[in-house]
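Notes for the one structure printed next.
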Amino acid sequence: MPLRIGVVGVGYLGRHHARILSSLPGIDLVAVVDVNTARAVEVAGANRTRPLGDFRELLGQVDAVTIAVPTELHRDIAIPFLSAGVPVLVEKPMARSVEEADAMIDAAARAGVPLAVGHTERFNPAIAAARPLIDDPRFIEVHRLGTFPERSLDIDVVFDLMIHDLDVVLSLVKSDVAAVEAVGVPVLTDRVDIANARLRFVNGCIANITASRISRDRVRKVRFFQPAAYVSIDYADQKVAMWRLVKGEGPKPAIEGGLVEVASEEPLKRELADFVDAIASRRPPLVTGEQGRGALALATLITQKMGSTDTP
């Protein structure tokens, strides 16, 4: 039997959920839900499914659901599905607060169903290709710069953009965060639009992470420095380069490396396929609720260090 899935929220990102799910084999896109009736009708028509105006209409009709609504609504929409035994994929940040995230995690645990969090960069083919090459990073430099958006202005840049890189860094540095320094500046809105965080891990690794939504150019790059090796990742172009110091017979070591082969694919498609496979295989998704909570907790700490009380 096909897996019956619904999409709640078909704005900027949710419409792509609907597009991809409607094309995946073994999936029955039962309906799309949006409070904007015209938008729901448009996306439903494009993906040969039904438009609905209330997420509650999906209860009892689906085997799984993806949620791409404003962050403030995540908990209140996710918990009824989780409590009914329906697996949920919720977009990042997973909730407004760690307490709300905990409530979602608890609901999933009680029902024994997967709760996935949409940290899409974890599914970027460039990250997948680079992961085996990164074993002991000592310094990490991240730049995520974007032009001023027309969406996600209800949260600051830490929860909107930087949280992607927080999740990636936490998944690659096998150590706890020991200390955080951060600065943020509201420039075009009353929320922080550009931010920098310096993370020091217990094992000595340092991560310097910059996120901006007021830049002229779009940049999404991360560099990892580890003993005798350097790995550079371009998220947007899905490119990876690695350079190593190789000791030869001569007095001077040689530097070897170059581009690494990357199988290009849409990260969101990989994310949704992982969610579907996790349900079918009865395994945890690649990005679990606990990991989404970890990125949220670190983002919250960063805003506190900036002297901001802003939460998503």
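The values are calculated or read from the model by the stated rules, or taken from the named source; none is laboratory data. Predicted model only: the values in this text are computed from it and were never measured. All Cβ positions, even for glycine, are placed from backbone atoms using ideal geometry, and neighbour counts span all protein chains on display.
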Count of residues meeting criterion [surrounded by fewer than 22 Cβ atoms within 10 Å (Cβ to Cβ), part of a loop (DSSP other than H, G, I, E, B) and touching a residue at least 24 places away in the same chain (Cβ under 8 Å)] in the stretch 10-35: 6
For Val7: the one exception among (1) in a strand (DSSP E or B); (2) more than 20 Å from the chain's Cα centre (by Cα); (3) crowded, with 21+ Cβ neighbours inside 10 Å: (2)
From Ser175, Ser171, residue being within 12 Å of the chain's Cα centre (by Cα) and assigned by TED's automatic domain parsing to the domain that holds Ile140: Ser171
Of all residues making up the stretch 216-252, the number that are over 18 Å from the mean Cα position of the chain (by Cα), modelled with pLDDT of 85 or more and of a type in the set (Gly, Ala, Ser): 4
Test set (1) charged (D, E, K, R); (2) under 24 Å from Ala64 (Cα atoms); (3) assigned to a strand (DSSP E or B) - Arg244 fails condition number: (2)
One residue from Arg223, Arg200, Arg191, Arg216 being out of contact with any Gly (no Cβ under 7 Å at 6 or more places or on another chain) and free of Cβ contacts under 8 Å to residues at least 40 places away in the same chain: Arg200
Leading residue by the ranking (surrounded by the fewest Cβ atoms within 10 Å (Cβ to Cβ)) among those in the stretch 49-65 that are of a type outside the set (A, V, I, L, M) and under 10 Å from Val32 (Cα atoms): Asp54
Complete set of residues in the stretch 112-158 that are hydrophobic (A, V, I, L, M, F, W, C), in contact with a Leu (Cβ under 8 Å, 6 or more places away or on another chain) and either modelled with pLDDT under 95 or surrounded by fewer than 17 Cβ atoms within 10 Å (Cβ to Cβ) (or both): Phe148
